[in-house]
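**Q** Before I ask anything, let me first share the structure, which is written out below as structure tokens.
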Amino acid sequence: MVSKDVVFDEVRKVGREWVIRGRVKSRSRPNTWHSVEARIRRLESGEVTMVGKCDCEAFTRGHMVCWHMLHLTNVFIRNRRRLVRGLGISVN
Ligand SMILES: [Zn+2]
């Protein structure tokens, strides 16, 4: 476990893109975990793009990029090496 409020269910590399699925704990409701999917890509310019979806209200009602998507992405990027090793994925 790399974070107390994020559980990773799937980490895959598809071409230049990372596909991350997991659950992120709600900040307002401690017993609620949101299902989150994010796809992350680093562009040649160095910029990072992220698209995703979440089952929280901000996203399903407001179509907003929510904190859960950003948090899943940030925790993944910070722990990428460990996560990739732990899940037995080989990356060049
Ligand atoms: Zn959300």
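Every read-out reported here was derived from the displayed coordinates using simple, explicitly stated rules and does not represent laboratory data. Owing to the predicted nature of the structure, the values given are computational and were not obtained by experimental measurement. Positions of Cβ are backbone-derived with ideal geometry, glycine not excepted, and every protein chain shown enters the neighbour counts.
**Q** About its Cα centre, what dipole magnitude does segment 1-47 give when the only charges are +1 on Lys and Arg Cβ and -1 on Asp and Glu Cβ, stated in debye to the nearest 20? Intermediate results must be reported in sequence, preceding the final value.
**A** On the way: 12 positive and 7 negative charges, 30 e Å.
Computed charge dipole of segment 1-47: roughly 140 debye.
**Q** Over the Cα atoms of segment 6-86, how large are the radius of gyration and the largest Cα-Cα distance (Dmax), in Å?
**A** Just the Cα atoms of segment 6-86 yield Rg and Dmax of 12.7, 40 Å.
**Q** Further question: Once the Cβ-Cβ distance between Asp5 and Arg80 is put in as r, and R0 is 30 Å, what FRET efficiency do you end up with, to the nearest 0.05?
**A** According to the calculation, E is roughly 0.95.
**Q** For the chain, state which GluC sites (Glu not before Pro) are in a DSSP loop and have at most 11 other beta carbons lying within 10 Å of their beta carbon.
**A** Numbers: sites: Glu10, Glu17, Glu37, Glu44, Glu47, Glu57; in loops: Glu44, Glu47.
The qualifying sites are Glu44, Glu47.
**Q** Work from the charge dipole of the chain (Cβ charges, +1 for Lys and Arg, -1 for Asp and Glu, about the Cα centre) and give the residue of Met50, Ala38, Ile77 farthest towards its positive end.
**A** Most positive-ward Cα: Ile77.
**Q** Rounded to the nearest 20 debye, what is the charge dipole size of the chain about its Cα centre when +1 sits on each Lys and Arg Cβ and -1 on each Asp and Glu Cβ?
**A** My answer is approximately 300 debye.
**Q** Another question, if that's okay. I need to check one value: relative contact order of the chain, counting alpha carbon pairs closer than 8 Å and at least 6 residues apart, in percent.
**A** Computed over the chain, the figure is 22 percent.
**Q** Moving on to the next point. Among residues other than Glu44 whose Cβ falls under 15 Å from its Cβ, what is the net charge (Lys/Arg +1, Asp/Glu -1)?
**A** Numbers: positive: Arg16, Arg41, Arg42; negative: Glu17, Glu47.
Here the charged neighbours net out to +1.
**Q** Report the extension gain between Glu57 and Glu44 in nm, rounded to one decimal, defined as 0.36 nm multiplied by the number of residues separating them, less their alpha carbon distance.
**A** Between Glu57 and Glu44, full extension yields 1.3 nm more.
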